[in-house]
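Everything below concerns the one structure shown next.
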Amino acid sequence: MTTRVLVAGIGNIFLGDDGFGPEVVRRIPAGPGESARIVDYGIRGMHLAYDLLEDWDALVLVDAVPNRGEPGRLEVIRAEPDRDQPTDLDAHGMDPAAVFAGVRALGGAVPPTVVVGCQVHSTEEGIGLSDPVAAAVDPAVDTVRRVVTQLCDQRAEV
């Protein structure tokens, strides 16, 4: 049985470092026979919600995360979506909590989720990543590939 993992690059390329997720997934080479589907969702939250209605074993979100003092620092976080927290659905935005609420509202279930995030330097208007975030893109590609492999290995053990 093949493990199915959705890798979703999210973020707004017009807001500086918020474009981190789309840039990372753009650089992930697609290999034949891999069990991961790699998609740049940008800010299309409803598109991601509808795609999550398919039968996925895991979701990897690649996104910018708030700066906590180390711009360019990568973080790998297991996400625990809050099922009880009401969230407004925004068909034109990309708030992961709203996407997860949309999936549940559509009758789906959110698969186990891992976030590969990068602390931002700036999310001011403008295209292009800051130097510390741009330097984190290639290591993030490696991190995403490692996370996908780990998720597939865990699933195979079950």
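Brief remarks follow.
- Residue in the range 76-92 that is on the phi > 0 side of the Ramachandran plot and either modelled with pLDDT of 95 or more or in contact with an Asp or Glu (Cβ under 7 Å, 6 or more places away or on another chain) (or both) present: no
- Of all residues in the range 100-121, those satisfying the criterion of being in contact with a Ser or Thr (Cβ under 9 Å, 6 or more places away or on another chain) and either of a type in the set (D, E, K, R) or part of a helix (DSSP H, G or I) (or both) are F100, A101, G102.
- Scanning the range 122-154 for residues that are part of a helix (DSSP H, G or I) and open to solvent by 30 Å² or more (accessible area, probe 1.4 Å) yields a count of 13.
- Filter pass, G126 being modelled with pLDDT of 95 or more and either over 22 Å from R26 (Cβ atoms) or of a type in the set (G, A, S) (or both): yes
- In the range 1-20, residue farthest from the chain's Cα centre (by Cα) [restricted to those that are open to solvent by 20 Å² or more (accessible area, probe 1.4 Å) and among the aliphatic types (A, V, I, L, M)]: M1
- Of all residues in the range 21-56, those satisfying the criterion of being open to solvent by 30 Å² or more (accessible area, probe 1.4 Å) and either under 21 Å from V103 (Cα atoms) or in a strand (DSSP E or B) (or both) are R37, I38, D40, I43, R44, M46, H47, Y50, L53, E54, D55.
- Top-ranked residue in the range 57-82 [being part of a loop (DSSP other than H, G, I, E, B) and closer than 21 Å to V133 by Cβ; ranked as most open to solvent (accessible area, probe 1.4 Å)]: R68
The values are calculated or read from the model by the stated rules, or taken from the named source; none is laboratory data. Predicted model only: the values in this text are computed from it and were never measured. Note: ideal-geometry Cβ built from the backbone for every residue, glycine included; neighbour counts use all protein chains shown. With ligands, DNA and RNA removed, areas are computed over all heavy atoms of the protein, side chains included. Shrake-Rupley method; radii C 1.70, N 1.55, O 1.52, S 1.80 Å.
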